[in-house]
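> Below is the structure I would like to discuss, written out as structure tokens.
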């Protein structure tokens, strides 16, 4: 299959050579649909904390921590401590997550990796890594059937290395991981501007699909170490309404004034 110059750059990055370290994403209000399509969910019975977000567009629930493996390996031996893992390790990690405590992590035993669909059952087939046609390989892929792509392009409205008309933005560009001027994490923690594994195999081979959250491209790999983000089907847990940060600050200010009032005897 023909590889573009850009795909070679992705290959270099995947192999771990010469790829700039992605900058940290930040919560950007108004960028993307996340403000209206993601609903906070309580999974541990403490409504003061939010463990997941229900995606009303995809009817799935995303774990709030997009790199839980870095802090909880569920006793699975991982070759790295930063959360990156091989596809085999990711499978073992999800399995252990569902078996945790006998009922599954946070009481859920149906966690899985994000899903995508090989539209023509041909891998990349006639597409190239820079294809921009709403299919399954390249950029601006079918967001209705590719959950990570939907998150990147629609929910968070992050920028890919190419425009939607195929123009190379060059390097650096303002997408996830380089200048990051528009890099959006939404409400999630530890969301990395790097590749994440999908759950599907590539043409029934040892290769597995992944979404590159740095460049916005979708392809397959066999032995790389990528991140794993746990999701579950449907709306799980209990819906909660997060308290806005400004309101929390206002409330703490009132408490401070009340304390001063008690000490001085004023009202």
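> Can you find, within segment 109-124, the residue that is modelled with the lowest pLDDT among those that are over 19 Å from the mean Cα position of the chain (by Cα) and crowded, with 16+ Cβ neighbours inside 10 Å?
If we take residues in segment 109-124 being over 19 Å from the mean Cα position of the chain (by Cα) and crowded, with 16+ Cβ neighbours inside 10 Å, then 123 is modelled with the lowest pLDDT.
> Checking the condition crowded, with 16+ Cβ neighbours inside 10 Å and at pLDDT below 85, which residue from 138, 177 passes?
Step by step, each of 138, 177 is checked, and only 177 is crowded, with 16+ Cβ neighbours inside 10 Å and at pLDDT below 85.
> Residue 74 fails exactly one of the following numbered conditions: (1) modelled with pLDDT of 95 or more; (2) exposed (fewer than 13 other Cβ atoms within 10 Å of the Cβ); (3) more than 18 Å from the chain's Cα centre (by Cα). What is the number of that condition?
(2)
> Can you tell me how many residues within segment 39-52 are farther than 26 Å from residue 225 by Cβ and touching a residue at least 12 places away in the same chain (Cβ under 8 Å)?
Residues in segment 39-52 being farther than 26 Å from residue 225 by Cβ and touching a residue at least 12 places away in the same chain (Cβ under 8 Å): 8 in total.
> As an exercise: evaluate residue 147 against (1) over 21 Å from residue 133 (Cα atoms); (2) at pLDDT 95 or above and give the number of the one condition it does not meet.
It fails just one condition, (1).
> Filter segment 211-242 for residues that are out of contact with any helix residue (DSSP H, G or I) (no Cβ under 8 Å at 6 or more places or on another chain) and over 30 Å from residue 141 (Cα atoms); which is modelled with the lowest pLDDT?
242
> Let me confirm something: among 217, 234, which residue is farther than 18 Å from residue 84 by Cα and crowded, with 23+ Cβ neighbours inside 10 Å?
The match here is 217.
> A follow-up question, please. Return the only residue of 49, 37, 33 being under 20 Å from residue 238 (Cβ atoms), surrounded by fewer than 18 Cβ atoms within 10 Å (Cβ to Cβ) and in contact with a helix residue (DSSP H, G or I) (Cβ under 9 Å, 6 or more places away or on another chain).
None of the other options fit; the residue is 37.
> Is there any pair with a first residue in segment 179-190 that is under 14 Å from residue 67 (Cβ atoms) and a second that is modelled with pLDDT under 95 and surrounded by fewer than 18 Cβ atoms within 10 Å (Cβ to Cβ) whose Cβ atoms are under 7 Å apart and which are 6 or more apart or on different chains, and what are they?
Qualifying pairs under 7 Å: 185/26; 185/27.
The values are calculated or read from the model by the stated rules, or taken from the named source; none is laboratory data. Worth saying up front: this structure is predicted, and the values here are computed from it rather than measured. For neighbour counting, all protein chains shown are included, and Cβ atoms are generated from backbone atoms with ideal geometry for every residue, glycine included.
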